[in-house]
Structures are given as structure tokens and as C-alpha cells.
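First comes the structure, then the notes that go with it.
Just so it is clear, none of the values below were taken in a lab; they were calculated from the coordinates. Everything quoted here is computed from the prediction, not taken from an experiment. FYI the Cβ positions are ideal-geometry reconstructions off the backbone, even for glycines, and counts take in every protein chain you see.
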Amino acid sequence: MSSLERKSHWDRIYKTKGPSEVSWYKDHLETSLRIVKKLGVDSSARIIDVGGGTSSFALDLIKEGFKNITVLDISPVALSIAKSIFGLDADKIVWVEGDVTCVNLPKDWYDIWHDRALFHFLLDPKERRSYVRVMENCLKKGAYAIIATFAIDGPPKCSGLDVIRYTPYTLQNELGEGFKLIESVGEKHITPWGTEQRFIYCCFKKL
């Protein structure tokens, strides 16, 4: 799928569904927040939420005292909605519109990369390699990547698109030798309409 096709798809999703009407909606990303807190990074840590859409994660980080938050998403519609939801707190966040496989991010800049449910949409191996290159380039040495995908027993599709389901080990293989898996945890996500989706959250350290 090209960047233009991806942008068009997600713009359409966010135009036709409210923030709490999408399958991945959660009031708060408790698992992600727990992992971030466990890492023990300083409140000045630079954290980027890729594919953040209208998620509350960035706002929750601000409320936890973190000061340097970036949200990246391919959909300007999603970013506009998120800014409206966040109100005055939106001014405390850096908003970046772009495709994660080719976006230009500052080198050796971020302390934490967070991705809940973006990576599993990348079906083309070339796109996954590009994603890893972007991530590796913008993370500092010793920084962390938190990536959540559908687990191996999760759904085969989401929002009308096929996904790739992962185990911690197959995800490690995708990231390569530049990253080391330090934690993985499963999660049963319940959609707004009561369906169960199984996720796997993995935290990696950049070597």
C-alpha cells in the first residue's frame, strides 16, 4: 500500500467514526503506561507515539509529568481531532504528520518509541525494513522501543485491512540485531462493542 493510499484510508476511517467507535479504542493505555514507568526514564525523556491517531496516550504522558512528547500519524484528520480533544494540553505536544516508513525524524533524538497497533499493518517486508531504519535512526543509543501488535491468536484483520500477527520472537526477528527484547506481555483488549482482541506488547532496547 502506498503512502497516499494509507493516508486516504485512515482519513476516511477518522472522518466516519468517532474516537471511541474504532476497534482499538481504550480510555487509557494502561499497559503502555506501566511499561514506560517501569523503564524509569526522566520526565524530560523524549517520547514519540507513532500512529498515535486520537489515542489518549500522549495526554496521559503529559498528565504523568512528561514534558517532551511527539505524536506522529499519517492522517491529518486524526491529528486535528486529537488536538481538539486535548484542548490547551495540545500545545504541549509536537504534532507530526507523516508516514512512519519514510518520515524525516531527527537523528539520535528520542528516548522512547511507542507504537500500539501500527506495525502489524505493514505487510510488505520492504516497508517493515524502512520502519525499522526510521526507528533506529531517530532513537538514541540505549533508548527503548515499545511495540504492540495483534498476538498470534489475535484477529487477522483490522479496519478492513489485513494484518500480520506476531510473537515476541518473530517481532524480534523483524527488528534485527540492533535491538534486544527486554520484556513482553500479553493483553486481552475488549473493543467498544465487546469483542476480544489479543495483543502482545514488546519492549526492546536499542543496542
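A compact table of results
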{"read-out": "Rounded to 5, the percent of DSSP beta bridges in the chain classed as antiparallel", "value": "50 percent"}
{"read-out": "Helix-only mean residue ellipticity at 222 nm for the chain, each DSSP H run of n ≥ 4 adding -39500 (n - 2.57), per residue, nearest 500", "value": "-9500 deg cm²/dmol"}
{"read-out": "Residues His120, His189, His9, His28 arranged by fewest to most Cβ contacts within 10 Å", "value": "His28, His9, His189, His120"}
{"read-out": "Amide H contacts under 5 Å for Tyr110, placed H, 5+ residues apart", "value": "Leu139, Lys140"}
{"read-out": "Packing-based exposure ordering (other Cβ within 10 Å, fewest first) of Met135, Met1", "value": "Met1, Met135"}
{"read-out": "Likely footprinting exposure, Arg116, Arg6, fewest C-beta neighbours within 10 Å first", "value": "Arg6, Arg116"}
{"read-out": "Gaussian network model of the chain, Cα within-10 Å springs - most flexible of Ile146, Ile182, Ile62", "value": "Ile182"}
